[in-house]
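The values are calculated or read from the model by the stated rules, or taken from the named source; none is laboratory data. Nothing here was measured: the structure is a model prediction, and the numbers come from that model. Heads up, the Cβs are rebuilt from the backbone with ideal geometry, glycines too, and the neighbour counts pull from every protein chain shown. Accessible surface is based on the protein model in full, side chains and every heavy atom, while ligands, DNA and RNA are left aside. Shrake-Rupley method; radii C 1.70, N 1.55, O 1.52, S 1.80 Å.
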Amino acid sequence: MMPRLTAMVRVAACACAAAAFVLPCVAQTAPATLTIDTQGSGKPVSPMLYGLMTEEINHSYDGGLYAQLLSNHTFRNNWDGVESWDLIRNGDAAASVKLDKETGPSAALPTSLKLTVEAASKGSEAGVSNAGYWGIPVRRRTTYRGSFYAKSDGVGPVTAKLISDDTGAVLAETTVPVEGNAWKEYKYALKVGAATESAKNHLQLTVAKPGSLWLQLATLFPPTYNNRPNGLRIDLMEKMTAMHPHFVRLPGGNYLEGDTMKDWYNFKETIGPLVDRPGHQAPWTYWSTDGLGLLEFLEWTEDLHVEPVLAVYAGYALRHQIAKPGKDLEPYVQAALDEVEYTTGDVSTKWGAQRAKDGHPAPFPLHYIEIGNEDWFDTTGSYDARFAQFALALRKKYPQYKLIATAPVKENEGAEPDVIDDHYYKSPSDMFNLVGHYDNAPRTGPKVFVGEWATRSGSPTPNFGDALGDAAWMTSMEHNSDLIVMASYAPLLVNVNPGAMQWPTDLIGYDALKSYGSPSYYAQVMFGSHIGTSQPPSKIEGAHERFYYSVTKDDKNLYVKLVNASSAPEALALDLKGLGTGAHVAKTTTMHAASFEATNSITDPERIHPMNGEARFTGAKLERTLAPYTIEVMEIPLQ
């Protein structure tokens, strides 16, 4: 692990010095020159440029951001039985389990797990256990809150225990009285004392009397971000907060569409009490419980102090099923109108009142609505008419919102898109080549939302070559942010346990207990923390081929972002015209690696990370040398 350093760099002493990374002083050719008019006002920087894209992939929600810890908590059955739930028969206990398809607590959850106990007593209990999503994380002096729906024929109280896999020690225990043959929700708390932090734990629910017990919707939550019930994982939310995003594109890409028409993201089945949410098949091979539903998505944006970019289903499924424009599409258009009303309507509206009933009377802010996802895959060409049908209906009821198309569309009067969503997944070399893509693009017509992008060579998370490609691409998006109004990396999250990942190269990795930021994650933190409001005039001369930069500013500071993706150092002379003749101190944030392949991991989470420093200089001239494979942001006070 590289040590954390705070370096003060006196650039006059050695032209080869860079914050925290010192190269031998050798003779060099004349440095490249970056000239910046610090007092000039150039193109604006989009205030919403950097945001987050999310969907259920790589166990991003269940087994990830959604803090609920029990796997298959609605007791779904497969060819091997009720997955993730194992039968317990301690001592002389005799018992069996099966899925009961005849009874459940709600129409959404009409089945249940039936535990039939022939023999049990104290010390010879029977029940079920669940090991969570690749383990249940236990931290010392922490309270875990659980619940389940149950009915019984007199089997008595249920004992809930958190147990260490390695030692068998009971880490927390409580008794839950369960009575009667009517479905009822039961809640309990498990308080862990001075335990060793570990993910190698499981939950047991047991009884000590013969009889039958039916269970459904068993949940277990650790403390959540902002202490929200049914909330989100704290460490992942903290990592997102550090990125300084301005929006969350939700509920996702392919997750919005589903493999087939019946798997589309129907928001109405994701709101209200958990017991009324049936869940649905997600496109990345596993079931989505929808515990993280539309309201939780919106509260996620509220907790990050950002706004949603609301994606609505547009009648196309991934296996090329389509709702034909016209009558067949009308129910989905109405669903989109209802979803916007749920998000933004006041309590006098039908769906605004439903949101209030669900616990959030205040409407959420909204400016952008995206119609569909990656509809260029629709080879029938129906998206032109599908988009137009949605656009006309949305603009009639909600003319204040901007509409995003996911593919180029033929213009229809009143149905023109305000923004087009472009997606890019590239290798490092191809991402470097893409940097100038928008430089000469026309500034008439729709704006651009780069709704999904990533440099992809590392797995499960980006390596430093990917971070260099990402940083180079971000300089390009900043150069062109008069056209590019928003951008979001994808995928955002990955559970790094074996079998959890469907898509390699994901920004933030985690297991049940820990999480880490990739080099690309830190590059986004660096850029998102220094965005600025405008681009002063600038030009560079004499730089290496794989050297990239962006310059932005606000009322207080100039932000200079430098990317040296070359294997050679880059000597750079900054000519800061208009800065003044006095002494200046620039804050520097620098990230460096020895190779493209260097990376972070769950076991070495901070091998590569930014380090802070200073550069002191006098007047308007500042000289820097960036080491090979370096990303740096300079914050230079303008006053």
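Residue-wise test of (1) open to solvent by 30 Å² or more (accessible area, probe 1.4 Å); (2) in a helix (DSSP H, G or I).
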{"residue": "235", "(1), (2)": "yes, yes"}
{"residue": "241", "(1), (2)": "yes, yes"}
{"residue": "244", "(1), (2)": "yes, no"}
{"residue": "248", "(1), (2)": "no, no"}
{"residue": "255", "(1), (2)": "no, yes"}
{"residue": "262", "(1), (2)": "yes, yes"}
{"residue": "265", "(1), (2)": "no, no"}
{"residue": "271", "(1), (2)": "no, no"}
{"residue": "278", "(1), (2)": "yes, no"}
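Yes or no: region 146-156 includes at least one residue that is in a loop (DSSP other than H, G, I, E, B) and crowded, with 17+ Cβ neighbours inside 10 Å.
Taking every residue of region 146-156 in turn, at least one turns out to be in a loop (DSSP other than H, G, I, E, B) and crowded, with 17+ Cβ neighbours inside 10 Å.
Could you tell me which of the residues 380, 349 is surrounded by fewer than 21 Cβ atoms within 10 Å (Cβ to Cβ), more than 30 Å from residue 241 (Cα to Cα) and touching a strand residue (DSSP E or B) at 6+ places or on another chain (Cβ under 9 Å)?
One residue alone meets the criteria, 380.
For residue 206, are the conditions met, namely being in a loop (DSSP other than H, G, I, E, B) and among the β-branched types (Val, Ile, Thr)?
no
Which count do you get for residues in region 612-631 that are outside any loop (DSSP other than H, G, I, E, B), open to solvent by less than 10 Å² (accessible area, probe 1.4 Å) and touching a Pro at 6+ places or on another chain (Cβ under 9 Å)?
Result for region 612-631: 5.
Considering (1) modelled with pLDDT of 95 or more; (2) of a type outside the set (D, E, K, R); (3) surrounded by fewer than 16 Cβ atoms within 10 Å (Cβ to Cβ); (4) out of contact with any helix residue (DSSP H, G or I) (no Cβ under 8 Å at 6 or more places or on another chain), say which one residue 581 fails and leave the rest.
(1)
Just to be sure I understand, how many residues within region 450-503 are closer than 30 Å to residue 412 by Cα and either open to solvent by 10 Å² or more (accessible area, probe 1.4 Å) or not β-branched (Val, Ile, Thr) (or both)?
12
From the list 511, 554, which residue is more than 26 Å from the chain's Cα centre (by Cα), modelled with pLDDT of 95 or more and open to solvent by 10 Å² or more (accessible area, probe 1.4 Å)?
That would be 554, the only listed residue that is more than 26 Å from the chain's Cα centre (by Cα), modelled with pLDDT of 95 or more and open to solvent by 10 Å² or more (accessible area, probe 1.4 Å).
Name every residue in region 466-505 that is closer than 22 Å to residue 199 by Cα and under 14 Å from the mean Cα position of the chain (by Cα), in order of residue number.
Listed by number, the residues that qualify are 493, 494, 495.
Is it the case that some residue within region 534-551 is in contact (Cβ under 8 Å) with a residue 24 or more places away in the chain, out of contact with any helix residue (DSSP H, G or I) (no Cβ under 9 Å at 6 or more places or on another chain) and of a type in the set (Lys, Arg)?
Yes, region 534-551 contains a residue that is in contact (Cβ under 8 Å) with a residue 24 or more places away in the chain, out of contact with any helix residue (DSSP H, G or I) (no Cβ under 9 Å at 6 or more places or on another chain) and of a type in the set (Lys, Arg).
Exactly one condition in (1) open to solvent by less than 10 Å² (accessible area, probe 1.4 Å); (2) farther than 26 Å from residue 606 by Cβ; (3) charged (D, E, K, R) is false for residue 447; which is it?
Going through (1) open to solvent by less than 10 Å² (accessible area, probe 1.4 Å); (2) farther than 26 Å from residue 606 by Cβ; (3) charged (D, E, K, R) one by one, residue 447 breaks only (1).
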